[in-house]
């Protein structure tokens, strides 16, 4: 059977692209390599599916860094209000939570996948599962078919929605990059984004493994941890979506929650800072300083510590620290100061108090590397945007070839931005591919 359009990949972008193309009258086949569609949707937002975000367009675009401008056309065509109307029209109510994150009211990602399956069924999209695509067939520089492990399928347009190279269990194993390279497309170097970080001081991290911290500041610096002047730690956030850029050696600075792992550092603010760290590691050593008490200045900390020690002068320093730190952090923290943990509060010298305060304001780590690409939430890099028409998602090299979603060099912070980009570019690619078919 001949098809008008074949969509390769049944994730968020592919499902939207297939549904929209068929909705526009095209005869569509969706090919998915795993045994079901929407697997990455099911694990997104901790299985609740963070669909999008309530941020305004300008702030939304800023979350994709320098490549955000590429999405203006896609967002102009199909943005958050359109997505929410689409979902609501298919019976899925949504809600806004902290940070503008938008979720299904049901808190169940399966409901999102069900909406798309109904959308595809309604528009007679055929789905072929457990089938790996090995390449796109080209004749006279135009798409004429798709090569799979089970044979070839004829079509007049193809939409690559193969995702990135993260979460391989969901089917995202980088196939689209190989297919695109074979067609002459440039792949911008792949990097892990939204990924935990491995530290040089692993024994220290292991000693605090499982400890989760709230309301702390993590600042990445270019340079060795011991060489960094901790007073350079900013008192504001620097990163994607922020208007100001930091002065070197500061790379980025984030405020919020993090945790210690057996290999290093994880949690929300570490994930947000990770891509900047990965890129900075290519230039040289990167360190990360954690301000455990960002709400207090050094002077305020000094007064509070002095007061507590005066009030409980015969209490051990380890006991005093119970008022300041999670229990599992106390022993490694005191060890770092070089103070005897059995020492009583009234025996602590001014210099030792200074060491405690410095450590509160700068718990230092050197970053060895991120976890592997497979362990990241998002893939940074991908098919070069210079070779894709942002108005149509069409390849500038091959007629009838379209791209959408994470296979392109698009990535964003957490908060629903990556899924919105997938839905918007999928919608545009499906619509424009269908228009192309009608023009033949």
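So the values come out like this:
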{"item": "Any hit, region 115-125, residues being in the same structural domain as residue 10 (by TED's automatic domain parsing) and over 30 Å from residue 378 (Cβ atoms)", "result": "yes"}
{"item": "Residues of region 399-416 classified as within 11 Å of the chain's Cα centre (by Cα) and more than 13 Å from residue 380 (Cβ to Cβ), total", "result": "3"}
{"item": "Criterion violated by residue 26 - all others in (1) in contact with a helix residue (DSSP H, G or I) (Cβ under 6 Å, 6 or more places away or on another chain); (2) in contact (Cβ under 8 Å) with a residue 60 or more places away in the chain; (3) part of a helix (DSSP H, G or I) satisfied", "result": "(3)"}
{"item": "Test for residue 74: is it in the same structural domain as residue 48 (by TED's automatic domain parsing), over 18 Å from residue 40 (Cα atoms) and over 23 Å from the mean Cα position of the chain (by Cα)", "result": "no"}
{"item": "Filter pass, residue 270 being outside the structural domain of residue 65 (by TED's automatic domain parsing), at pLDDT 95 or above, more than 19 Å from the chain's Cα centre (by Cα) and buried (at least 20 other Cβ atoms within 10 Å of the Cβ)", "result": "no"}
{"item": "Counted residues, region 298-343 - those being part of a helix (DSSP H, G or I), over 38 Å from the mean Cα position of the chain (by Cα) and without any contact (Cβ under 8 Å) to a residue 40 or more places away in the chain", "result": "10"}
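The values are calculated or read from the model by the stated rules, or taken from the named source; none is laboratory data. The structure displayed is predicted, hence computed values, not measured ones. When we count neighbours, we look across all protein chains shown, and the Cβ atoms used for this are built from the backbone with ideal geometry, even at glycine.
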